[in-house]
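This report refers to the structure that appears directly beneath it.
The values are calculated or read from the model by the stated rules, or taken from the named source; none is laboratory data. Owing to the predicted nature of the structure, the values given are computational and were not obtained by experimental measurement. Positions of Cβ are backbone-derived with ideal geometry, glycine not excepted, and every protein chain shown enters the neighbour counts. Just so you know, the surface numbers come from the protein's heavy atoms only, side chains and all, with ligands and any DNA or RNA stripped out. Shrake-Rupley method; radii C 1.70, N 1.55, O 1.52, S 1.80 Å.
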Amino acid sequence: MTRLRLHDTLTGEKVEFAPREATDRVTLYVCGPTVYNFAHIGNARPVVVFDVLFRLLQRLYPEREVVYARNITDVDDKINAAAISQGVDISVITDKYAEIYNKDMAALNALPPTHQPRATAHMGEMTALIERMLDDGSAYEADGEVLFDVGRYDGGTGRYGQLSGRSLDDMIAGARVEVAANKHHAADFVLWKPSKPGEPEWPGPRGLPGRPGWHIECSAMAEAVLGLPIDIHGGGHDLIFPHHTNEIAQSCAAHGATDPRAYARYWMHNGFLDFSGEKMSKSLGNVVLVHELVQPYPGEVIRWALLSGHYRSPRDWTPDLLDQSRKALDRLYGVLQRAEDIEPARTVAAGALDALTDDLNTPGAIADLFALSGRLEKAVAANDMNEAMGVKADLLRLAEVMGVLQQNPSVWFRGGANDDFAAEVERLIAERLAARQTKNWPEADRIRDRLTELNVVVMDNPTGATWRLKD
Ligand code: AMP
Ligand code: ZN
């Protein structure tokens, strides 16, 4: 069995991943979007990164034993505000943006997760968790709200700060939380609160109608669809505190556990995508929307751009990055096109996924794809079929886990041109070839000019010609 090493935020170290004792089942939970708006390319980073992890786990463990949940947050203040301002039910907003989100992420070759729970469908589980915490004193009622008692949970052990690696005092200072009069402790957070007039409400714990806080939504959904403990919990590094810190605290408190691993055994966080050195975020208004990028760029180019940096490092988003990514894919698809007749071997070399099993080293995997493509070209040139078949299998397997290079190369180069257009181009290329064979140079030139007018670049090679649309 290949070893999978992951950087665990809880220990701050790369550790070897192992499923729970005596099982092959692996569960993964990643915090999904709050659906009131279009996703920006920063929001797509965790989706693509954890999609690579999902694909990798499916290769390392029996595929149907790998269970991935990525939720939809469809209860939130911003959603309520949008619904009230447009005079519609929240579901009108959340259904619309959840659908756009799923389409946009599919365009980036992200597989659908096994489960996509919505907060509105798990109100009963949230209420039950909160009631358990009220019963044992982990939570308390104040002014119609239910708050989590952080001081009681931490009890001076430092437990509350374990994930963020900070002390309770530091976290409070950093988060600049207002100390409301009804709180026992500045860090206490809302589990349940009354809805404002016009906002949706649900029957809550101890008959308090209202709505949940954000953190309890994920605790309830993760437990409901995956069961505890979750194996791997992920998200952007901005979620370490307070969101994930609070998920651990609530879920452990509700189940009388003190070890944070009773909730999730490994924690992974992606670095931020920046824009001109500043973090990309809706509140700063410096966002590039996935929805707008998937029109001019193939999703695969955007995905490649996101994976070209290590997931834990911050990454600056530049227009250049997309052009470089397209060129990289063109080169690799070009090699695959020239090796189109080679049947890949049935078995893959043991080390083919080594870069990815080393904490999802996607830049390393990209270097490996280029090294493999170089070997493939050499083997084809030397007519070494054994080598070519083996190398092609390795290349395609690694590419599959990266979620790239899965199209037919000619389809890639056609770049979305429709069938009629493609047939016309093929016809012109055949006529040009015939003209050249009869040394009818003026005719060959005329056809080449016509192809240029159609925005087509023809690439001649020993066995004929291939073509692509100009950028
Ligand atoms: P949100 O819809 O803001 O809750 O974000 C959804 C996911 O995107 C979370 O996992 C965030 O951590 C992540 N995220 C938000 N902004 C960025 C960014 N600029 N770069 C990387 N990840 C981000
Ligand atoms: Zn969450």
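Compared with the alpha-carbon gap, the fully stretched path from D358 to D259 is longer by 33.0 nm at 0.36 nm per residue.
Please list log₁₀ I(q)/I(0) at q = 0.07, 0.10, 0.14 Å⁻¹ for the chain, using the Debye equation with identical point scatterers on the alpha-carbon positions. Scattering profile of the chain, log10 relative to I(0): -0.45, -0.82, -1.36. Using a simple spin-label model with pseudo-atoms 7 Å out from Cα toward Cβ, R427 and V15 lie 6.5 nm apart. Helices that extend 15 Å or more along their long axis by alpha-carbon positions and average at least 0.5 on the Kyte-Doolittle scale are, among the DSSP H runs of the chain, 41-60, 214-226, 362-381. Note on segment 147-249: with neighbouring protein chains present and a 1.4 Å probe, carbon and sulfur make up 53 percent of its accessible heavy-atom surface.
Each residue was assigned an accessible area with a 1.4 Å probe, and for S373 the value is about 10 Å².
For F189, the amide hydrogen comes within under 5 Å of the amide hydrogens of F148, V150, counting only partners 5 or more places away or on other chains and with H modelled in the peptide plane. About its Cα centre, the chain has a charge dipole of approximately 900 debye under the convention of +1 per Lys or Arg Cβ and -1 per Asp or Glu Cβ, with nothing else charged. On the basis of the beta-carbon distance and an R0 of 45 Å, R3 and K378 show a calculated FRET efficiency of 0.90. Computed over protein heavy atoms with a 1.4 Å probe, the accessible surface of the chain works out to 45 Å² per residue. The heavy atoms of D420 offer some 130 square angstrom of accessible surface to a 1.4 angstrom probe.
The heavy atoms of H291 offer some 60 square angstrom of accessible surface to a 1.4 angstrom probe. Taking amide H positions as modeled 1.01 Å from N, with prolines and chain starts lacking one, the residues under 5 Å from F275 and 5 or more places away or on another chain are M280, W317. When the listed pairs K327/K378; K14/K378; K78/K327; K14/K193; K378/K439; K96/K183 are checked against a 31 Å cut-off, the alpha-carbon distance exceeds it for K14/K378; K78/K327; K14/K193; K378/K439; K96/K183.
Between L469 and L454, the distance separating the two model label sites (each 7 Å from Cα on the Cα→Cβ line) works out to 1.3 nm.
Taking every Cα-Cα distance in segment 322-407 and sorting them into 10 Å bins starting at zero, the pair-distance distribution P(r) comes out as 18, 54, 26, 2 percent. Compared with the direct C-alpha span, the chain from D420 to R64 gains 124.1 nm at full extension, assuming 0.36 nm per residue. D for segment 5-275, whole µm²/s, Stokes-Einstein with Kirkwood Rh over alpha-carbon pairs at 37 °C and 0.692 mPa s: what number? The calculation lands on 171 µm²/s.
Applying 0.36 nm per residue to the separation of N182 and S313 and subtracting their alpha-carbon distance, the gain on full extension is 43.2 nm.
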